[in-house]
Amino acid sequence: MKTCDLPAFIVTDLIKTKQVSAVEVLEDTLERIRQVDGRTGQVDALKASSEEDLSTVHAFTLVTEDYARKQAENIDRLIKEGENPGPLAGVPYTAKDIFTVKGIQATAGSKILSNYISPYSATVVERMEEAGAVMVGKVNLDEFTYGSSSESSAYKPVPRNPWDTSRVTGGSSGGSAAAVAAGEGAISLGTDTGGSIRHPASFCGTVGLKPTYGRVSRYGLIAFGSSLDCPGPLTRTVTDAALTLQAIAGPDPRDNTAAAVAVPDYLEEMEKDIRGLRIGLSEEFFRVTYFDSESMELVENPIDPQIRDAVLSAAGFLAQLGADIVMDVPLPHTKYGVPTYFVISRVEASSNLLRYDGVKYGYRTEKSFADLRELYRKTRGEAFGVEPKLRMLMGIYLSAAQFDKGYYELALKARALMRQDFDTIFDPKGKYKLDALLTPTAPSTAFPIGSVYGDSVLMQYSDQLTATTNHAGIPGLSIPVGFDRDNLPIGAQVLGSDYSEGLLLRIARAYEKVTENEDWRVKRPPILSKNGN
Amino acid sequence: MTDKISPEDFERLAELASLELPADEAEYLRKELNNQMLSIEVLESIPIDTEIGAAAHGIAYNERNSANPREDFSLQDPNRDAILKQAPEMEDGYIVVPDISHEELD
């Protein structure tokens, strides 16, 4: 097995024990990228059309080969000199192109930032570097993270799912999930505002951890919804998610919302057994609600039985290990998650998007303009894609005094009710006393590219099982739990109370261990075998 | 069914958002916004207890998790030139902007 297919915790161990060098590991990863990734995403480039384009992953917007080689050489030097190279020494990772890295592009998948070079690094990136990880590139995403399929990026071709390249990766951290699934870096840093780490993790068969709001600093993250955004890792194993969270979590003087809460030893927490833990299942998460575009009505249906069965089977394994499974846990406000998200995320996004003006940095129109206002209008009209435009217009509609119908306040109250739902089930003195909730991550497996994109309502409903977590601020961890009949990965998420990441990792790790000999565990993305890997 | 967001509303929104939009794109965006409003209107059916407060954050910030206020000090960014170099037009250390139009506010 090549080092690019090994988990981070094994790779770093091999490097530290000098069985392989960090540079050799990097070369393996770069070789994999050359084999499977195809054309790197470029602004305004042609969409995928050739045979090769249609059968490659396109996870990257930039491969930082020289940058990575310097980092890898430094790790090898530290090891040679007997220094401590860090807990993630020599592990290749990618960063969603929404994080700033000093001296490197930070495009947010948007034309408006297509020429922006960041003068500073995000806290999470600095912490990955301190831990010895090696950044091999920036990966594609929905423009400004706005979407659930990664198709809205201005950087074409958009990412394709390594399990079936005719399907989407999910989103918005689609490049992250695709890269990790295809062995193009063991770890990727993503962000989750309404499900953007967990959703693509489930579509691409990876682990994806959305930490508690404030557990990880947002400094250096290009903002979407400031009260919802959470940076976190996508990995192939639970141990790697724990290792990464360990490296990036904790207070940060540059982000006042980064919680002043001590960071536990996640690796130690993760290995504890799960006997006696109370894990809930909720019928509200086994239903899908969507807007029928014919009747224009909200329709509610049971979730795909294959997804339901995979999640119930996971619950069965956890019960075998001694967890108490609690059925029929009520979370009555779950169905308001998306409508509430439509309001809160849009209002926050519109405020965050007003800074892009073609004056201070980023793209400026090449057309003529008479005055400053015309410069703004032309620059923004040309350089924002459909999703940022929709979100800005909706955010203004919902918050401007002249249109105000009270939806924003209603949404903030609905948010409080969703928080109350979770507080009730996790209350140690309450009726349910749950340690965690187990649910499907997404209402479907990966859908065909082009089948939903363009219908902004249906796309948003893809986040219906993840968005309430963000409203409540609690952590969620998505793990692979099997495949559907089309050989597409199914994800399940464990949700817990504030700062319970250690407990969620423990449940996920127990499940990972008990299922390690299951048939589906040996499956690999077909794109890898096609390339002789 | 009447649209919540009329063409006139949309025009005003595009102006507030500083977006110049071709007519076909404007019509597509307006249609999507009105579809989204159908979902948002669902919020009107939530039974809301008048006691429930509006939550600006899911997670509460209190003495258990809040960072102490930072000391108030100024720091010279070491990357001044790299930051200024990002501006599309510069002259003698100043960012150049075109004429700023003035209009009477109602």
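Coordinate-derived values only; no laboratory data. Predicted model, so just to flag it, every value in this text is computed and none were measured. In this analysis, Cβ positions are derived from the backbone assuming ideal geometry, glycine residues included, and neighbour counts consider all displayed protein chains.
The table below gives the values:
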item	result
Stretch in chain A that is longest and holds no GluC sites (Glu not before Pro) that DSSP places in a loop and that have at most 15 other beta carbons within 10 Å	A:84-270
Inter-chain Cβ neighbour average for residues A:457-469, partner chain, 10 Å	1
Rounded to 5, the percent of DSSP beta bridges in the range A:279-340 classed as antiparallel	75
Centroid-to-centroid separation of the range B:71-106 and the range A:134-153 [C-alpha atoms, Å]	29
Beta bridge orientation in chain A: antiparallel %, DSSP, nearest 5	75
Pairs beyond 27 Å (Cα-Cα), from A:Lys335/A:Lys405; A:Lys47/A:Lys102; A:Lys405/B:Lys31; A:Lys70/A:Lys513	A:Lys47/A:Lys102; A:Lys70/A:Lys513
Longest DSSP-loop-exposure-free segment, trypsin sites (Lys or Arg not before Pro), chain B, at most 13 other Cβ within 10 Å	B:1-63
Full-extension gain in nm, A:Lys530 to A:Asp371, via 0.36 nm per residue minus C-alpha separation	51.7 nm
Long-range HN-HN contacts of A:Gly482 with modeled amide H, under 5 Å	A:Ile490
Of A:Lys389/A:Lys413; A:Lys96/A:Lys272; A:Lys413/A:Lys433; A:Lys138/A:Lys389; A:Lys16/A:Lys80, those spanning more than 21 Å from alpha-carbon to alpha-carbon	A:Lys389/A:Lys413; A:Lys96/A:Lys272; A:Lys413/A:Lys433; A:Lys138/A:Lys389
Least to most buried among A:Val168, A:Val263 (fewest other Cβ within 10 Å first)	A:Val263, A:Val168
Qualifying trypsin sites (Lys or Arg not before Pro) for the range A:1-65 [loop in DSSP, other Cβ within 10 Å: at most 12]	A:Lys18, A:Lys47
Cα shape, the range A:3-266, gyration tensor, a/c 1.5 rule	oblate
Centroid-to-centroid separation of the range A:175-198 and the range A:108-126 [C-alpha atoms, Å]	17
Segment B:Arg70-B:Glu103, extension gain: residue separation times 0.36 nm, minus the distance between their alpha carbons	7.8 nm
Stretch gain in nm, segment A:Ser295-A:Lys272, where the contour uses 0.36 nm per residue and the Cα spacing is subtracted	3.2 nm
Normalised alpha carbon radius of gyration of the protein assembly as shown [divisor 2.2 N^0.38 Å]	0.92
Distant-in-sequence amide H partners of A:Phe60 (H built 1.01 Å from N, under 5 Å)	A:Gly41, A:Asn140
Fraction of antiparallel bridges per DSSP, the range A:3-266 only, in percent to nearest 5	70
Distance from the range B:16-37 to the range A:482-533 (C-alpha centre basis), Å	40
Backbone N under 15 Å from the A:Asp404 label point (7 Å along Cα→Cβ), restricted to the range A:301-345	none
Global geometry of the range A:213-299, whether rounded, prolate or oblate, following the gyration tensor of its Cα atoms and the 1.5 cut on a/c	oblate
Normalised contact order of the range A:92-141, rounded percent, pairs of Cα under 8 Å and 6 or more residues apart	48
Residue exposure sequence - A:Asp435, B:Asp3, A:Asp44 - by fewest surrounding Cβ within 10 Å	A:Asp44, B:Asp3, A:Asp435
Prolate/oblate/rounded call for the range B:15-57, Cα gyration tensor, a/c under 1.5 rounded	oblate
Shielding by other protein chains, A:64-76, mean Cβ within 10 Å	0
Dipole of chain B [Lys/Arg +1, Asp/Glu -1 at C-beta], most positive-end residue of B:Leu38, B:Ser101, B:Leu16	B:Leu38
Interchain or long-range residues, amide H under 5 Å from B:Ala67's placed H	A:Ala260
Ascending count of other beta-carbon atoms within 10 Å, so fewest first, for A:Val25, A:Val359, A:Val180, A:Val329	A:Val359, A:Val329, A:Val25, A:Val180
